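Only one structure is covered here, and it is reproduced in the block below.
Any read-out appearing in this document is the output of simple, stated calculations on the displayed coordinates, not a laboratory observation. The model shown is predicted, which means the values in this text are computed figures rather than measured ones. Cβ coordinates were reconstructed from backbone atoms using ideal geometry, including for glycine residues, and neighbour counts include every protein chain displayed.
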Amino acid sequence: MRPRQFDLIAFDWDGTLFDSTAIIVRCIQAAVRDVGGQVPSDEAASYVIGMGLMQALAHAAPDVPPERYPLLGERYRHHYFARQHDITLFQGVLPLLHELKTRHHWLAVATGKSRHGLDEALRHVELHGLFDGSRTADETAGKPHPLMLHELMREFGVDPERTLMIGDTTHDLQMAANAGCASVGVSYGAHDPQGFADFRPRFVAHSVRELHDWLQAHA
């Protein structure tokens, strides 16, 4: 059965599939505190989710000098890996992914996480075989640069008009626009969905259930 509109569906990870926004915010704040920077607000820390790690930390802690960025990144990873097993998929994500697979979509992950961090998350038995490809910020370019999507489209031989990006941040939606792809936003992650309109997503889902229903009808 040929998909209705999109052959390739790329998902952001944190805040879209994985319920990790709150923990990432706390880890960013703890890392900045550890290196003596001014601790960012929840809003400022959540804004950078989806960027590559160093880009995100530099944006969240502008008073920290560049020579301390490696330590800042090390402290973030320390706090995150200590809590990573407390993070779970949003309820309803697994049935959604399984249904999309039965409809013969290619499924991919396009994330600001590192390759190591994504591989750790994908080791969960329940996720084996669900994703056909993935790209991370440390092996391509950070969002909103479109390189992740360009590489995934080349890998599967899919045109931009047959590709859909799904994410919870303006970085995700801007990346899709930069790549010439359609996008869907989700409002239950890191960014206020009021900022999504500039990037003209096809739909904004306020729950995994709404995302499931839209994809079932339109993808």
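Taking Cα centre as origin and charging only the Cβ of basic (Lys, Arg, +1) and acidic (Asp, Glu, -1) residues, the dipole magnitude of region 21-86 rounds to 140 debye. Highest mean packing comes first when the peptides 197-208, 17-28 are listed by Cβ atoms within 10 Å, giving 17-28, 197-208. Phi angles across region 164-170 convert, under the Karplus curve 6.51 cos²θ - 1.76 cosθ + 1.60 with θ = phi - 60°, into 3J(HN,Hα) values of 10, 10, 10, x, 10, 10, 5 Hz, Gly and Pro given as x.
Just to verify a number: FRET efficiency for Glu161 and Ile87, C-beta to C-beta distance, R0 = 45 Å, to 0.05?
About 0.85, to the nearest 0.05.
Toward the positive end of the charge dipole of the chain, with +1 on the Cβ of Lys and Arg and -1 on the Cβ of Asp and Glu, the farthest Cα among Val93, His218, Leu173 is that of His218. Our coupling estimate for region 194-211, obtained by passing each phi through the Karplus curve with A = 6.51, B = -1.76, C = 1.60 and θ = phi - 60°, is 4, x, 6, 4, 4, 9, 6, x, 5, 6, 10, 9, 9, 6, 4, 4, 5, 4 Hz, Gly and Pro reported as x. With Rh defined as the Kirkwood radius, the inverse of the mean 1/r over Cα pairs, the Rg/Rh of region 36-144 is 1.02.
GNM remark for the chain: springs join alpha carbons under 10 Å apart, and the peak mean-square fluctuation among Gln194, Gln38, Gln84 falls on Gln194.
Note on Ser207 and Ala22: with the Förster distance fixed at 22 Å, the Cβ-Cβ geometry gives a FRET efficiency of about 0.80. Between His78 and Ser187, the contour length at 0.36 nm per residue exceeds the Cα-Cα span by 36.4 nm. As a ratio to 2.2 N^0.38 Å, the alpha-carbon radius of gyration computed for region 21-86 takes the value 0.96. The simple spin-label model puts a point 7 Å past each Cα toward its Cβ; for Tyr69 and His128 those points are separated by 3.9 nm.
Normalised by the number of residues in the chain, the mean separation of alpha-carbon contacts (under 8 Å, six or more apart) gives a relative contact order of 26 percent.
By the count of neighbouring beta-carbon atoms within 10 Å, fewest first, Glu99, Glu151 end up ordered Glu99, Glu151.
Close amide-amide hydrogen proximity is noted between Met165 and Ala10, Ala182, Ser183, Val184, each under 5 Å apart and 5 or more residues distant or on a separate chain (H modeled in the peptide plane; Pro and chain starts excluded).
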